[in-house]
Amino acid sequence: MSWIERYPESIMEKLVVPGKVAVLYGPRRTGKTSLIEKYVREQTKISYFAGTGDDITLREILSSQNKELIISTFRGYNLIVIDEAQRVPQIGWGLKLLIDHLPGIRIIATGSSSFELSGQVGEPLTGRSKTSVLYPVSILELTKQFGPITVMQQLPQYLIYGCYPEVLTANNLDKKKDYLIDLRNSYLFKDILELENIQNSMKLTHLLKALAFQIGNEVSHNELANLLGIAKQTVERYLDLLEKTFIIKRVYGFSRNLRKEINKTSRYYFYDNGIRNALINNFNSPDSRMDTGMLWENFCVMERLKKQSYHNIYANNYFWRTYDRQEIDHVEEREGNLFGYEMKWDPKKKVRTPKAWLKAYPDSEYKVVNRENFLDFLT
């Protein structure tokens with residue numbers, strides 16, 4: 001397995017257009033730079049500039065808000081690419097000057113930190129930007145390129161090692177494990193530590209470890225605060241930062257104000273199973289571990305969110321649970337309709353639709369997603 005075709009490749013011509021900034025977000029190490037480099041190489045008939053927010057001179061120019069300096073620096077290029085754009089202070093205003101004063105210019109800005117980059121480009125580039133997110137490789141992309149049989153065969157590895165590009169292309173399990181551990185140790189908190197002045201990542205690691213053992217369960221911020229010995233407000237701030245840097249995803253409980261429904265708590269999922277397993281140092285196979293159900297739920301929910309993003313499926317996503325412990329793992333509200341999905345690794349396990357769900361929402365749909373039928377749900 002070499003180059004893996006990513007979904008944003010197919011929409012680059014629509015994303016990168018004159019007079020607009022194409023903003024590509026995503027977790028670190030998901031292939032944003034490689035994707036953009038490939039796109040730029042294919043633009044053989046245009047003049048382009050490619051730089052990075054790590055470049056001190058580039059940072060000074062783009063953050064100067066000096067119109068003459070910025071325009072004179074970039075005049076003559078048809079395409080401008082700024083990688084790691086979140087590191088350029090006030091980059092939105094610099095890019096706005098380029099869009100406003102260089103007619104026909106096309107700009108690409110990539111970043112691994114959604115909260116920083118979106119905050120800087122949001123207001124200045126209102127109406128002047130198009131955005132896309134590059135996730136770890138999706139089952140949707142893998143099935144399209146390699147076929148459903150290969151994906152079915154490799155499913156246990158996806159469940160344990162996740163779908164980062166370099167994990168998928170590693171030629172043995174030890175290399176997959178080594179890469180994930182390196183990612184855990186070197187890159188996982190880089191944006192938060194750099195941009196938020198958090199000096200010690202140990203609390204973040206302990207927080208994520210606690211979440212890793214609570215997949216599929218409601219999370220109490222008070223309990224996390226007591227466990228970690230920090231204030232509840234600090235826990236909530238860390239959770240927000242971890243979500244905005246594409247490490248975890250928060251899902252709320254669904255309710256239409258029925259007395260028995262839980263709606264004031266949240267569940268957290270990891271963007272990638274491999275990262276979750278690296279945090280707890282467990283790379284055992286699915287048939288020899290006690291948390292396979294957690295891994296399956298995390299995998300299915302996140303792959304479904306990737307599909308929604310790439311296929312423009314507009315949905316509100318929830319879990320559903322009552323105080324008497326009837327529950328549904330994943331609920332989608334789309335165009336006024338409800339769709340409930342229960343995730344079960346074992347296809348032989350019989351699952352009944354919760355009676356409270358049928359009574360409260362008789363017109364809704366309900367399906368069980370297992371390892372035999374998951375492709376219908378995720379592709």
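Given labels modelled 7 Å from the Cα in the Cβ direction, how far is it in nm from GLN214 to SER34?
If labels sit at GLN214 and SER34, their model points lie 3.4 nm apart.
What chymotrypsin sites (Phe, Trp or Tyr not before Pro) does the stretch 96-188 have in DSSP loop regions with at most 15 other beta carbons within 10 Å?
Qualifying residues, ordered by number: TYR187.
Starting from the 7 Å offset along Cα-to-Cβ, what nm value, one decimal, do you get for the label separation of GLN90 and ASP182?
Calculated label separation equals 3.9 nm.
Does the stretch 291-379 classify as rounded, prolate or oblate by the C-alpha gyration tensor (a ≥ b ≥ c root eigenvalues; a/c under 1.5 gives rounded; else a/b over b/c gives prolate, otherwise oblate)?
Verdict is oblate for the stretch 291-379.
Apply 1/(1 + (r/R0)^6) to the Cβ-Cβ distance of ASP287 and ASP100, taking R0 = 56 Å, and write down the FRET efficiency to the nearest 0.05.
So the FRET efficiency works out to roughly 0.40.
For a quick check of your reading of the filter: which chymotrypsin sites (Phe, Trp or Tyr not before Pro) in the stretch 274-332 sit in a DSSP loop and have no more than 10 other Cβ atoms within 10 Å?
TYR314, TYR323
Please arrange VAL167, VAL368 by how many other C-beta atoms lie within 10 Å of their C-beta, fewest to most.
Exposure proxy ranking, most exposed first: VAL368, VAL167.
Semi-axes of the equivalent ellipsoid for the stretch 1-80, please: Cα gyration tensor eigenvalues, times 5, square-rooted, ordered largest first, whole Å.
They are 25, 16, 12 Å, listed from largest to smallest.
How far, in degrees from 0 to 90, does helix 91-101 lean away from the longest principal axis of the Cα atoms of the chain, to the nearest 10?
Helix 91-101 sits roughly 50 degrees off the main axis of the chain.
Among the DSSP beta bridges whose two residues both lie in the chain, what percent are antiparallel, rounded to the nearest 5?
In the chain, DSSP labels about 40 percent of beta bridges as antiparallel.
Determine one quarter of the surface area of the Cα convex hull of the chain, which equals its mean projected area, and express it in nm² to one decimal.
Taking a quarter of the hull surface, the average projection is 20.3 nm².
Starting from the alpha-carbon convex hull of the stretch 7-133, give the projected area averaged over all orientations, in nm².
Directional mean of the projected Cα hull area for the stretch 7-133 stands at 6.8 nm².
Report the dimensions of the stretch 151-270 along its three principal axes from the alpha-carbon atoms, largest first, rounded to Å.
The Cα atoms of the stretch 151-270 stretch 51, 39, 22 Å along the principal axes, largest first.
Taking the highest mean first, how do the peptides 83-91, 230-238 order by number of other beta carbon atoms within 10 angstrom per residue?
Highest mean packing first, the order is 83-91, 230-238.
Mind sorting PHE189, PHE49 by how few other Cβ atoms lie within 10 Å of their own Cβ, fewest first?
PHE49, PHE189
For a quick check: sort ASP240, ASP324 by the number of other beta carbons within 10 angstrom, fewest at the front.
Starting with the residue having the fewest Cβ neighbours, the order is ASP324, ASP240.
Which peptide among 27-33, 74-80 comes first, and what is the full order, when sorted by highest mean count of other Cβ atoms within 10 Å?
Those peptides, ordered most packed to least, come out 27-33, 74-80.
Can you compute 3J(HN,Hα) from phi for each residue in the stretch 365-377, using the Karplus curve 6.51 cos²θ - 1.76 cosθ + 1.60 with θ = phi - 60°, rounded to whole Hz and x for Gly and Pro?
Going residue by residue, I get 9, 9, 9, 9, 10, 10, 6, 9, 10, 5, 5, 4, 7 Hz, with x marking Gly and Pro.
Here, each number is a calculation from the coordinates, and none is a lab measurement. Keep in mind it's a predicted model, so treat the numbers as computed, not measured. Every residue, glycine among them, receives a Cβ derived from its backbone with ideal geometry; neighbour counts consider all protein chains shown.
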